[in-house]
1. Distance between Cα centroids, the stretch 40-92 to the stretch 113-191: provide it in whole Å.
2. Which of the peptides 189-197, 96-104 is most tightly packed, and how do the rest follow, going by the mean number of other Cβ atoms within 10 Å of each residue?
3. Using every pair of alpha-carbon atoms in the stretch 109-230, split the distances into 5 Å bins beginning at 0 and state the percent of pairs per bin, rounded to integers.
4. State the dimensionless ratio Rg/Rh of the stretch 20-259 (Rg: radius of gyration of Cα atoms; Rh: Kirkwood radius).
5. Along each of its three principal axes, how wide is the spread of alpha-carbon positions in the stretch 105-164, in whole angstrom units, largest first?
6. Which of the residue pairs K44/K96; K45/K95; K95/K201; K45/K96; K95/K234; K164/K201 have a Cα-Cα distance greater than 29 Å in the structure shown?
7. When the label point is put 7 Å from the Cα of K95 along its Cα-to-beta-carbon vector, which residues of the stretch 55-70 have a backbone N closer than 17 Å?
8. May I ask you to work out the translational diffusion coefficient for the stretch 194-238 at 37 °C, viscosity 0.692 mPa s, via Stokes-Einstein with Rh from the Kirkwood sum over Cα pairs, reported in whole µm²/s?
Amino acid sequence: MSTQADAGRPAAAKGAGRPKPAPMSVTVLVPAAGSGSRMGGRVKKQFLLLNGMPVLAHTLRRLDDMPEVREVIPVVPEAELEECLEMCVDGQGLKKVRRVVPGGRERQDSVRNGLLAMEPPGGWVMVHDGVRPFVTREMVSALILALDGCDGAVLAVPAKDTLKEVGPDRLVRRTLDRRLLWHVQTPQAFPYRVIAEAFRKAYAEGFYGTDEASLVERYGGSVRVVAGSYANIKITTPEDMILAEAILAGGAGVVEMAAGKAGCEK
Ligand code: C5P
């Protein structure tokens, strides 16, 4: 039953007993160990130059600047560890990158390597794609707030196109209800104990998901969606580099204007 005193308390104070987000307690794992096969070309997409700087360096600099972030752990291709240090870490003035970790075969293996490298393990963990260079402090703060009372929080934008489930024969099986569909992005945020336990269980049964939240969901965790931004693009195919240049030149506002502010339709 809610009391007079409860009614006057800020929402964040009502989840007494749950771990509270605290400043400086967030470790961000940055998987950037993919081969980038959808991009084509010789240079992996995380190392392509955007305004003269590798995409991954853009991402790391933004995260490093955020007061909420305690440590940033990039996870990079094992064969290019030295090269990555030179291109994306050394000389970037990063204060919170204290270790760079070799990646694994799948994205999930790379994130696991990052989790295992945390020293000390604990606090809040965010996972953020190395190839999403437009992450903002607002996104990170919103995720921290959204974690209150939940096992995970993810950024997402409402689906704009109609999505259909299609069989291997290219015949449509069903049309999904677009009003319920969101495109999920990163960062994704979790208490360390939740994500560590979900990874332990996933590896015990050999389960692989396409994002971290799907592991937490699989083992009964509650994951909250936070309206993100259409400008928080993941650089995957060559046209994404053109879009990224436009966002850099015009600011994220250009994309928000063209796309409509995420979250307002739902
Ligand atoms: O392949 P996808 O676009 O989903 O990759 C998202 C992020 O995960 C990229 O930054 C990529 O470099 C990273 N990744 C990784 N290890 C892998 C595969 C992908 O760190 N084995």
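1. Here the answer is 21 Å between Cα centres.
2. 189-197, 96-104
3. It works out to 2, 10, 19, 19, 20, 14, 10, 4, 2, 0, 0, in whole percents.
4. When Rh is taken as the Kirkwood radius, the ratio is 0.95.
5. 43, 32, 23
6. Among K44/K96; K45/K95; K95/K201; K45/K96; K95/K234; K164/K201, the Cα-Cα distance tops 29 Å for K95/K201; K164/K201.
7. The answer is 60-70.
8. Answer from the Stokes-Einstein relation: 267 µm²/s.
Throughout, read-outs are computed from the coordinates displayed, never taken from laboratory work. As the structure is a computational prediction, the values presented were derived from the model and not from experiment. Cβ atoms come from the backbone with ideal geometry, glycine included; neighbour counts cover every protein chain shown.
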